[in-house]
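Below is one structure, written out as structure tokens; comments come after it.
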Amino acid sequence: MATATQAVQLTDSVSRYIAKSRQMLINGKWVDAASGKTFPTYNPATGEVLANVAEGDKEDINRAVAAARAAFDTGPWSRITPSERGKLIWKLADLIENHAEEFAQLESLDNGKPVTIARIADIPGTIDMFRYMAGWATKLEGNTIPISAHGAKFLAYTLREPVGVVGQIIPWNFPLMMASWKLGPALATGCCVILKPAEQTPLSALLLGELIQEAGIPDGVVNIVPGYGETAGAALAAHPNVDKIAFTGSTEVGKLIVHAATGNLKKVSLELGGKSPNVVFQDADIDATIPGAAMAIFFNHGQCCCAGSRLYVEAKEFDKVVDGVSQLASKIRVGPGMEPTTDMGPLVSEEQMNKVCSYLESGYAEGAKATVGGSRQGDKGYFVKPTVLVNTNEKMKVVREEIFGPVVTAIPFKDVDDLVVKANATEYGLAAGVWTRDIGKAHRIASQLRAGTVWINCYNVFDPAMPFGGYKQSGWGREMGHEVLNLYTEVKSVCTPIS
Ligand code: ADP
């Protein structure tokens, strides 16, 4: 454990923020839950309570949907110009930048991730996303359409209009950044929102709510209702006055969301689980590939839907790559996220730690062996050692199912055909990595892999301009880039005779 150095000093505002109970944001007011209930959010490095948060339920979702509905149907948001919308989103990005250190500390305390990583990944990624989406507010154009019907002259054109009131349910792995992936396009397209953060990590979304108010985004446009998935989340997904639900989380819950949405056939977009193959050919630059393959799985403690969790290595280089990744894993300093020397923090919760450890046990029971790590670390906090499993095959649970922790399975392959079959033998299709110096082969394989993102000689490269989402059971729709605008807009055809 990284204990030799002083923990990062909490800013005064973060100390104040976590000492108080947190309310929820409905119609521009900070309010308690209708039930008066609160729930605790924990520091996963210690297991101690960080703050008590208002526990939203069906009644609070009803209040928030009514506020969003009014803001959308008749409120100022329906009359605001695209340019003003863009300016408000940009201003929000500036405010987040001013509060970057507070956000980094809150993410580290609530989620467990190293504050050093939150500073360079989560917070800048969030700011970039809002700035990118601010630009789209003024660029939502339709088309003019040549019409042949009836032999007469028509003027026909399309309008791109906001889909309406959107429920957004987000996970705990990148709490603030996931809020930005959802709120950015919703605000750019003119939608109104009810955001439900994950119960494990509600704090950064609540601070974001304060900045949304400070930026001048009108009351009711963004409502933030923390609470549990089975109650607040389920009520939002089923709500008859919600036009769309956007969800990021597990495939299992994604299916529940789809069922819940059928009542009013609301639009649904889903960013779900993954079991992404990371493929190393013997002609790759192996020295660059080894750290790349380690980062592909160990970044964010493996709690990434796109984690490169199935490492396939061409047989000739298998031992070298596995040794290299294992050595790097053994050097990762696991400790509290607020220690400046920590490379990897705890998993987000006791439940998540137990789930990852039970996967390890199932792997051992089926014959897998750990070359490094392989168990919990310590007995306080929710730490799991970075782990490489060998002697694995596609029949094993650890190879088939998403572990969502710092565990990679390594498997050798014979040739390209063998590899493509193995890599695609999964119900998921979120991402993949290919490492080779042969550029033709790289692009051939990229086209054969059934995945929404293929990284060639890199991994975990994200940009607000690059679409992200899944094939197969990894989801519906693409977030980021201009593709996401389709998820938040309706296309209206307008047609009139002009002769
Ligand atoms: P994980 O298993 O990684 O915690 P989940 O898919 O359970 O991921 O959670 C992602 C988000 O979905 C969280 O905000 C959670 O509260 C929410 N959620 C969980 N269950 C439901 C449900 N039945 N309906 C709606 N939202 C849910």
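Remarks
- By accessible area, using a 1.4 Å probe on protein heavy atoms only, the range 363-420 has 49% of its surface on carbon and sulfur.
- Over the range 350-483: Kirkwood hydrodynamic radius from C-alpha pairwise inverse distances, Å: 16.6
- Atom-type composition of the exposed protein surface of the range 1-114 places 51 percent of the accessible area on carbon and sulfur (1.4 angstrom probe).
- With semi-axes defined as the square roots of five times the eigenvalues of the C-alpha gyration tensor, the equivalent ellipsoid of the range 118-267 measures 31, 21, 13 Å, largest first.
- Cα-derived Rg to Rh of the range 422-499, Kirkwood definition: 1.18
- Taking all pairs of distinct alpha-carbon atoms in the range 216-374, Kirkwood radius in angstrom: 19.0
- For the chain: accessible area per residue (Å², 1.4 Å): 40
- Shape box of the range 363-414 [Cα atoms, principal axes, largest first, Å]: 42, 20, 18
- All other residues whose Cβ lies under 12 angstrom from that of PRO185 are scored, Lys and Arg at +1 and Asp and Glu at -1, for a net of +2.
- Globularity ratio of the range 280-354, using Cα Rg and 2.2 N^0.38 Å: 1.22
- Each of the peptides 175-188, 472-485, 120-133 was scored by the mean count of other Cβ atoms within 10 Å over its residues; in descending order, highest first, they stand as 175-188, 120-133, 472-485.
- Between the C-alpha center of the range 300-363 and that of the range 446-466 there is a gap of 21 Å.
- When you count the other C-beta atoms within 10 angstrom of each residue and take the mean per peptide, 366-374, 236-244 line up highest first as 236-244, 366-374.
- Carbon plus sulfur fraction of accessible area for the range 170-230, probe 1.4 Å, in percent: 47
- With a cut-off of 13 Å between beta carbons, the residues surrounding GLU350 carry a summed charge of 0, where Lys and Arg count +1 and Asp and Glu -1.
- Cut-off under 5 Å, modelled amide H: who pairs with ASN27 long-range: GLY220
- Calculated log₁₀ intensity ratio I(q)/I(0) where the Debye formula runs over C-alpha points of the range 119-207, q = 0.10, 0.17, 0.19, 0.26 Å⁻¹: -0.39, -0.76, -0.88, -1.26
- Kirkwood hydrodynamic radius computed over the chain comes to 23.5 Å, based on all pairs of distinct alpha carbons.
- Environment charge of LEU485, counting only residues whose C-beta is closer than 14 Å and scoring Lys/Arg +1, Asp/Glu -1: +2
- Distant-in-sequence amide H partners of PHE413 (H built 1.01 Å from N, under 5 Å): VAL313, GLU314, ALA315
- Treating r as the C-beta distance of GLN448 and ILE120 and R0 as 41 Å, the FRET efficiency rounds to 0.75.
- Distances between placed amide hydrogens fall under 5 Å for VAL193 paired with VAL166, VAL222, ASN223, all partners being 5 or more residues away or on another chain.
The values are calculated or read from the model by the stated rules, or taken from the named source; none is laboratory data. The model shown is predicted, which means the values in this text are computed figures rather than measured ones. Neighbour counts are summed over all protein chains in view; Cβ atoms, including those assigned to glycine, are modelled from backbone coordinates with ideal geometry. In case anyone asks, the SASA skips ligands and DNA or RNA and just uses the protein heavy atoms, side chains included. Shrake-Rupley method; radii C 1.70, N 1.55, O 1.52, S 1.80 Å.
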